[in-house]
1. Only residues that are within 16 Å of Val135 (Cβ to Cβ) and of a type in the set (Lys, Arg): list them for the stretch 85-118, please.
2. So which strands (runs of 3 or more DSSP E) stay within the stretch 80-164 end to end and still have 2 or more residues that are within 13 Å of the ligand (Cβ to nearest atom) and surrounded by fewer than 16 Cβ atoms within 10 Å (Cβ to Cβ)?
3. Tell me yes or no: at least one residue of the stretch 96-106 is in contact with a His (Cβ under 7 Å, 6 or more places away or on another chain) and at pLDDT 95 or above.
4. Please find, within the stretch 123-137, the residue that is nearest to the chain's Cα centre (by Cα) out of those that are closer than 9 Å to Lys104 by Cβ and of a type in the set (A, V, I, L, M, F, W, C).
5. Could you grab the pairs with beta carbons closer than 6 Å, sequence gap of 6+ or different chains, first residue in the stretch 102-114 and more than 12 Å from Met164 (Cβ to Cβ), second one among the aliphatic types (A, V, I, L, M)?
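The values are calculated or read from the model by the stated rules, or taken from the named source; none is laboratory data. Because the structure is predicted, anything quoted here is derived from the model rather than measured. Note that each Cβ is placed from the backbone with ideal geometry, even for glycine, and that neighbours are counted across all protein chains shown.
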Amino acid sequence: MKFFRVVLIYLAMILVLGLKAFAQQPGQEMKSDAVASAQETKPGAEPAPAEGADDRVKGSEKRFVALVGKDGVQHVEIVGGEYYFDPNFIVVKVNTPVELKVKKAPGIVSHDIVVKAPEAGIDFKTGLCKEWTTVTFTPTRPGKYEMFCDKKFLWFKSHRDRGMEGSIEVVP
Ligand SMILES: [Cu+2]
């Protein structure tokens with residue numbers, strides 16, 4: 001009987017967490033719609049999946065080309081929120097240090113930013129906070145490398161699948 005009660009409490013907890021996640025949806029929906037419509041969707045971008053109406057249109061790209069500062073460093077800032085990175089396409093020069101500052105948009109959902117390209121000298125995973133966090137690296141190989149948030153809540157779609165992804169392009 002005790003076991004039964006534990007299972008019952010467990011199910012109730014899952015239900016509450018699930019409802020909480022659903023309760024978040026309307027606000028996020030408006031936000032991602034606003035973001036999606038504020039930025040022109042690139043022609044030829046793949047259409048949003050039918051079940052992902054609340055998601056930011058995949059393929060909508062916000063590009064930022066880093067300039068080398070007087071200090072010889074490329075400064076880039078990215079803000080992450082539900083469910084996007086802004087900007088989400090970063091262009092940096094090879095063999096020039098990059099100082100990437102990352103921060104979380106207001107909201108209770110936690111996010112991170114991950115780039116796993118050790119072959120190109122870029123390899124980090126950093127949680128996003130309210131304050132800016134600085135990541136430094138020096139890209140060593142031209143190419144296009146994926147960046148994404150690896151968070152996922154229970155059985156819901158991953159943040160990455162919801163649009164929290166982008167690219168770092170290293171150019172010669
Ligand atoms: Cu995330």
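1. Lys101, Lys103, Lys104, Lys116
2. On the way: elements: 84-86, 89-93, 98-104, 112-117, 122-127, 133-137, 143-148.
Ranges flagged: 122-127.
3. First pass over the stretch 96-106, keeping only residues in contact with a His (Cβ under 7 Å, 6 or more places away or on another chain): 99, 104.
So of that shortlist, the ones also at pLDDT 95 or above come out as 99, 104.
Checked against the condition, which is being in contact with a His (Cβ under 7 Å, 6 or more places away or on another chain) and at pLDDT 95 or above, the stretch 96-106 yields at least one hit.
4. In this case the residue turns out to be Leu128.
5. Within 6 Å, the pairs are Val102/Ile78; Val102/Ile113; Val102/Leu128; Lys103/Val79.
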